[in-house]
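The values are calculated or read from the model by the stated rules, or taken from the named source; none is laboratory data. Note that the structure is predicted; figures quoted are calculated from it, not measured. Counting neighbours? That spans all protein chains shown, and the Cβs are built from the backbone with ideal geometry, glycine included. Please note that ligands, DNA and RNA were not included when accessible areas were found on the heavy atoms of the full protein model with its side chains. Shrake-Rupley method; radii C 1.70, N 1.55, O 1.52, S 1.80 Å.
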Amino acid sequence: MKKYLLILTTFFTLTVAHGQTNVYHPFPDSNAIWNEYWGTNSGYGYYMESIIGDTIINSIKYHKVYKHTESLNFPFSDTLITIGNSYFIGGIREDSSKRVYFYNKYAVPCCGQTDSIYLLYDFSKQVGDTIKFDKPLYGYTYPYLILNSIDSVLAYNQYRKRYHFQSETWIEGIGSTRSLFSTILGYPTCFCTNELVCYKYGDTTYYLNPIVTDCFVYWR
């Protein structure tokens, strides 16, 4: 009887997970916070990015992205990000094909590249597909990404698809586990580390880095 219940429970869990991953979780358009860690051979710190409000850029609606005015160090002086303690860095939007774009307010024309709109994510891809970024290599961390596998991960009380690349892991509706803008950080010229500490939507934490126990915690 116990064996039967175990099989039934496992089947039910897998069925629920499969059903939830068949429901697409879009990228947030408000109330989202990414708390991120950065480290180099000369120092480290934390910073936050958040979506606060909307704007029109080139006749297209974007959600405004703000970044905390300075790196946060332990003990954390802020655990919330507002317009008052941050600055506007650009806009983010998702199209009907599950592609996420970022308008970079501070893009500097370089090497023939003057367009400041970047493809960040493409959640429409299947295993084996290649994501070719639609700009020259300048400004991108990778010239392309190949999707190696897709599984699911429990985000709070729902399963979301997780996309595995050679050097990246993306979670549907959240972004890269390295950082929100991982794909456009550029090639590092030193020892550099970027990791997503947590992602919150409203008051709910949907992603928490496995090595921490809280969204705002000292871990280095």
What tally of residues in the stretch 95-106 results from selecting those that are under 15 Å from GLY175 (Cβ atoms) and open to solvent by 50 Å² or more (accessible area, probe 1.4 Å)?
2
Please enumerate the residues belonging to the stretch 56-69 that are over 19 Å from the mean Cα position of the chain (by Cα) and open to solvent by 40 Å² or more (accessible area, probe 1.4 Å).
ILE56, ASN58, SER59, ILE60, LYS61, THR69
Which of the residues belonging to the stretch 1-43 are open to solvent by 90 Å² or more (accessible area, probe 1.4 Å) and at pLDDT 55 or above?
ASN22, ASN31, ASN41, SER42
All but one of (1) assigned to a loop (DSSP other than H, G, I, E, B); (2) modelled with pLDDT of 95 or more hold for TYR159; which doesn't?
(1)
Restricting to the stretch 103-154, name every residue that is of a type in the set (Asp, Glu) and at pLDDT below 75.
ASP115, ASP134
